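Encoded as structure tokens, the structure appears first; notes follow it.
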Amino acid sequence: MKKRKIGIPRALLYYYYFPFWLKLFDELNLDPVISDSTSRYLLDKGVKKSLSEICVPIKVMIAHVLNLDQKDVDYIFLPRFRSLRKDVVLCPKFLGLPDMVRHSLSDLEAEIIADQIDSKSDNIAQFSNHQKLAETFSIPKREMKKTLKKASNFWYRYRNLLFEGYLIDDFVKIEDIEVLEKVISKFENGEKLPQSQRKDIGTAGNEEVIDITVIGYVYNVFDQYINMDIINKLKEMGVRVHTFSMVAEETIEKELSKLRKPMFWEFTNKLYGAAEHYFKNDQIDGVIHLTAFGCGPDSMLGQILEVDAKEYDNAFMTLRIDEQTGESHIITRIEAFIDLLRLKKENN
Ligand code: SF4
């Protein structure tokens, strides 16, 4: 029987949950179709259909949904992420995402599957989070639960590699579940990437290696087009990149527990916890806050990070991206930042 096509936009939390979703749809015998990588052409289409004042990652999402609709998929998977922790929600744009997409793209042909994700942790594998998906494809509850468990186990294997020091970038371009499974097994068995970022390569204090933490939402840090390929540019400059996805949950929790009151938004809190952890780490030479123009939560986080960076005497820079950001501007700023860090290291 021909597999039914389900589109997954390569945007927002795709960069966090893609192994989970690829495994889930494969096990359910569906045919996942991933939207193309972000490009000028794709983004321009999304921008035209979006509210002008909305943040760029949402414009990117609109662009990817449009792209999937043109690929003749029957369904588009667009969950409404509400919560990943008790009493903490995600940014309001996530809460209203399916409505916003339906409003902006009223002539969409594919059917949107918009299950609400309400979880007490990052593990979103509960049946209640996938009820609409199960109904749409007539999947019995028992089978769905078993499949969700498999998908979550796979996702945890991948996450453990991130905690070891691999970057999301090392996996995210893989769309084929069989290839992804092979790559994960290979890394679990100790095979390293040529350009590996693993923590055990190089030593702290090594003059040639500059260690930089890029603090930003996964969809800003790992969408190569929207951030002008910042990760690879840093690598080319001899930088070892660290990101929040490498920080264990317990470490982030420990940092968050020191706050009198955490912020309202889940991923903003995670970034804060990771940044505090890195600020105290002597191996880190500098921190870059990568933020999107028009991001409400980041206007608060950015201020806090700036103050804390001063307190810990850490080199800190904010890079703001939007649909107009020019590549040369980003490169010049990164180069200047790295030069200063090298100078500082040499003088020390
Ligand atoms: S957290 Fe910021 S960048 Fe992300 S969706 Fe919300 S407003 Fe946009």
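We did not get these values from a lab; they are worked out from the coordinates using the rules stated. Everything numeric here is computed off the predicted structure, so don't read it as measured data. Glycine also receives a Cβ, built like all others from the backbone with ideal geometry; neighbour counts cover every protein chain displayed.
Ignoring lysines fewer than eight residues from K254 along the same chain, the ones with Cα atoms less than 24 angstrom from its Cα are K86, K120, K199, K270, K280, K310. With a/c under 1.5 counting as rounded, go ahead and sort region 291-348 into rounded, prolate or oblate using the C-alpha gyration tensor (a ≥ b ≥ c being the square roots of the eigenvalues; past the cut-off, prolate if a/b is larger than b/c, else oblate). Oblate is the answer for region 291-348, as a/c is 1.5 or above yet b/c matches or exceeds a/b. Largest GNM mean-square fluctuation across Q324, Q224, Q283, computed for the chain with C-alpha springs under 10 Å, falls on Q324. For a straight C-alpha distance cut-off of 17 angstrom, the aspartates and glutamates reachable from K48 (same-chain residues fewer than eight places away being disregarded) are D69, D107, D322, E323. Positive-end ranking of A275, N153, T332 along the dipole of the chain, with charges on Cβ about the Cα centre, is headed by N153.
For the chain, the longest principal axis of the alpha carbon atoms and the long axis of helix 56-69 meet at an angle near 30°.
Just to confirm the number: angle between the C-alpha axis of helix 40-49 and the first principal axis of the chain, 0 to 90 degrees, nearest 10? The angle comes out at about 60 degrees. In a GNM of the chain with a 10 Å cut-off on Cα contacts, which of R102, R142, R85 has the highest mean-square fluctuation? Comparing R102, R142, R85 in the GNM, the peak value goes to R142. With a ≥ b ≥ c taken as the square roots of the eigenvalues of the C-alpha gyration tensor of region 202-347, please select rounded if a/c is under 1.5 and otherwise prolate if a/b is larger than b/c or oblate if it is not? In terms of gyration-tensor shape, oblate. Springs join every pair of Cα atoms under 10 Å in this Gaussian network model of the chain, and among Y15, Y312, Y156 the largest mean-square fluctuation is at Y312. Looking at the chain alone, DSSP beta bridges between its own residues are antiparallel in about 5 percent of cases.
Looking at M300, P57, L95, which one has the Cα that reaches farthest to the positive end of the dipole of the chain (charges on Cβ: Lys, Arg +1; Asp, Glu -1)? Of the candidates, L95 comes out farthest on the positive side.
With a Förster radius of 45 Å applied to the beta-carbon distance between S52 and N189, the computed FRET efficiency rounds to 0.35.
The mean sequence distance of close C-alpha pairs (under 8 Å, at least 6 residues apart), as a share of the length of the chain, puts its relative contact order at 17 percent.
Within straight-line reach of K49, meaning a Cα separation under 25 Å, sit the following lysines at least 8 residues removed in sequence or on another chain: K5, K59, K71, K93.
Look at the alpha carbon pairs under 8 Å that are at least 6 residues apart: their mean separation over the length of region 202-347 gives a relative contact order of 29 percent. Taking Cα centre as origin and charging only the Cβ of basic (Lys, Arg, +1) and acidic (Asp, Glu, -1) residues, the dipole magnitude of region 75-121 rounds to 400 debye.
By its C-alpha gyration tensor, with a ≥ b ≥ c as the square roots of the eigenvalues, how is region 5-184 shaped: rounded for a/c under 1.5, else prolate for a/b larger than b/c, else oblate? Please report the intermediate quantities before stating the final value.
Working: a/c = 1.40, a/b = 1.30, b/c = 1.08.
Rounded, because the longest to shortest axis ratio a/c is under 1.5.
Rounded to the nearest 10 degrees, the inclination of helix 14-27 to the longest alpha-carbon principal axis of the chain is 40 degrees.
For the chain, a simple Cβ point-charge model (Lys and Arg +1, Asp and Glu -1, everything else neutral) yields a dipole of about 1000 debye relative to the Cα centre. Annotation for region 93-150 versus region 293-341: alpha-carbon center distance of 34 Å. Computed over Cα pairs, the Kirkwood radius of the chain leads via Stokes-Einstein (0.890 mPa s, 25 °C) to a diffusion coefficient of 117 µm² per second.
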